[in-house]
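**Q** Got a structure for you, written out below as structure tokens; questions coming shortly.
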Amino acid sequence: MSRFKENMGRNKKAKTIAIRSFTAALGLAFGILITAQWRSVPARVTNPIAPYASLKETRDELYDEQNRLKSEIKNLQQAIEKAQKDNENVGLTKDELKELDYRKAQAGLTRMSGPGIVIVYDDSTTAAISEESIVHAADLRDTINLLWGSGAEAIAINGQRVVVNSAIDCIVNTILVNNTRISNPFRIEAVGDQDLMYEKIQNPTILKDVHQRKNSQGLYFEVSKRQNITVPVFDGSYEVKTLAGS
């Protein structure tokens with residue numbers, strides 16, 4: 001009987017030790033889990049205004065730098081024009097001068113004036129703000145490409161001359177032309193074959209999406225002919241980047 005009680009005591013003690021060990025192991029595992037979760041939580045920003053203020057300051061600095069570079073480009077272009085005029089006086093033929101003027105116009109180095117069309121885009125004022133009711137960079141790109149294929153000789157968007165390497169991009173709700181921010185309304189001026197450009201732009205089967213959104217969402221899209229349009233000189237960068245492996 002005493003041996004039975006002794007065995008019972010040992011079993012009870014062993015069970016108690018096992019329960020305590022299991023409880024300790026469970027507590028340790030739970031503690032590790034809580035620690036891991038706590039470490040995975042990103043640090044809370046103590047001042048939520050700080051990142052915004054920093055971005056705004058950086059943006060303003062970039063705009064100031066952009067304006068400074070544009071001024072430098074303008075001065076360099078004036079110097080180039082003077083040098084070219086000096087060279088023109090040194091024995092260039094009439095055909096050579098004509099070819100030079102054509103190339104300069106293609107590169108946007110000279111102002112272009114003449115008959116053409118004006119296209120104005122703007123967000124709808126009658127429909128709720130949506131992808132369908134606002135102007136996109138893609139709308140401007142499609143229009144520019146159509147103009148080039150319809151006899152345009154020079155194009156500008158909100159005073160920004162568009163040349164062969166001009167970029168028309170969108171960052172959030174901001175449209176950039178030649179890395180310069182422009183805002184609506186977007187005014188496209190094109191010098192060239194007035195009648196052909198007007199016919200193509202007004203054709204509802206070509207810029208189909210734009211015409212549909214104009215009719216269904218109230219997207220502002222107007223085209224008019226003008227007899228005297230002046231497109232300014234290009235003041236962006238002519239930098240050409242070569243892709244690796246090309």
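The numbers here are math on the coordinates, done by the rules we state, and not lab data. Predicted model, so just to flag it, every value in this text is computed and none were measured. Cβ coordinates were reconstructed from backbone atoms using ideal geometry, including for glycine residues, and neighbour counts include every protein chain displayed.
**Q** So in segment 113-142, with the set limited to residues that are part of a loop (DSSP other than H, G, I, E, B) and in contact with a Pro (Cβ under 9 Å, 6 or more places away or on another chain), which one is surrounded by the fewest Cβ atoms within 10 Å (Cβ to Cβ)?
**A** Let us first name the residues in segment 113-142 that are part of a loop (DSSP other than H, G, I, E, B), namely 123-136.
Filter once more, so that each one left must be in contact with a Pro (Cβ under 9 Å, 6 or more places away or on another chain): 123, 135.
Details: Asp123: 16, Val135: 21.
Across segment 113-142, the extreme among qualifying residues is Asp123.
**Q** Collect the residues in segment 165-192 that are part of a strand (DSSP E or B), touching an Asp or Glu at 6+ places or on another chain (Cβ under 9 Å) and buried (at least 17 other Cβ atoms within 10 Å of the Cβ), keeping them in residue-number order.
**A** Taking segment 165-192 and keeping what is part of a strand (DSSP E or B), we get 168-171, 174-177, 180-182, 186-192.
After this cut, where a residue has to be touching an Asp or Glu at 6+ places or on another chain (Cβ under 9 Å) as well, the list is 175-177, 180, 186, 190-192.
Within segment 165-192, Ile175, Val177, Thr180, Phe186, Ala190, Val191, Gly192 meet the criteria.
**Q** How many of the residues in segment 194-229 are over 26 Å from the mean Cα position of the chain (by Cα), among the hydroxyl-bearing types (Ser, Thr, Tyr) and not in a helix (DSSP H, G or I)?
**A** Residues that pass the stated criteria total 2.
**Q** If you go through segment 148-164 one residue at a time, how many are assigned to a loop (DSSP other than H, G, I, E, B) and surrounded by 15 or more Cβ atoms within 10 Å (Cβ to Cβ)? Give the steps one after another, and end with the answer.
**A** From segment 148-164, those assigned to a loop (DSSP other than H, G, I, E, B) are 149-151, 158-159, 163-164; that's our starting set.
Applying the additional criterion that residues be surrounded by 15 or more Cβ atoms within 10 Å (Cβ to Cβ) yields 150-151, 158, 163.
Adding up the residues that qualify gives 4.
**Q** Checking Asn145 against (1) outside any loop (DSSP other than H, G, I, E, B); (2) surrounded by 13 or more Cβ atoms within 10 Å (Cβ to Cβ), which single condition isn't satisfied?
**A** Unmet for Asn145, out of (1) outside any loop (DSSP other than H, G, I, E, B); (2) surrounded by 13 or more Cβ atoms within 10 Å (Cβ to Cβ): (2).
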